[in-house]
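Reviewing the structure listed below.
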Amino acid sequence: MENNVKLYLVMALRKPTFDAGVIEPHRAFLDALRAQGRLHLTGGFGDGSGGAYVLCNVDDLAQARAIVATDPLVLQDCSDLTVHEWNTR
């Protein structure tokens, strides 16, 4: 990725009420983002507490937040997701 490309880091931390049934819908959501060219990187944390993904080809922070609001992790209230514009170097 070029340094002038805007990236958005999405941090997902599981809630105590996390339901493992949301994992497959979440993966399908990420696969759809990848197919649209909007997913740069994704992965889970080694301790099982959650994970993160990086959005690309998104206009601005508001659009990134709108995309994240449709993540099954949010829709099923299983994880707390935060979105940050990420300045990489």
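The values are calculated or read from the model by the stated rules, or taken from the named source; none is laboratory data. Just so it is clear, the model here is predicted, and its values are computed rather than measured. Cβ coordinates were reconstructed from backbone atoms using ideal geometry, including for glycine residues, and neighbour counts include every protein chain displayed. Surface accessibility is based on the protein's heavy atoms, side chains included, excluding ligands, DNA and RNA. Shrake-Rupley method; radii C 1.70, N 1.55, O 1.52, S 1.80 Å.
Things to note:
- The stretch 21-51-the stretch 66-89 distance, computed between alpha-carbon centres (Å): 10 Å
- By accessible area, using a 1.4 Å probe on protein heavy atoms only, the stretch 50-89 has 48% of its surface on carbon and sulfur.
- Per residue accessible area of the chain, 1.4 Å probe, in Å²: 61 Å²
- Diffusion coefficient, µm² s⁻¹, Stokes-Einstein with Kirkwood Rh over alpha-carbon pairs of the chain at 10 °C and 1.306 mPa s: 120 µm²/s
- Residue-averaged 222 nm ellipticity for the chain, from DSSP H runs of 4+ at -39500 (n - 2.57), nearest 500: -7500 deg cm²/dmol
- Label point 7 Å beyond Cα of Q76 along Cβ direction - residues of the stretch 25-48 with amide nitrogen under 12 Å: 25-29
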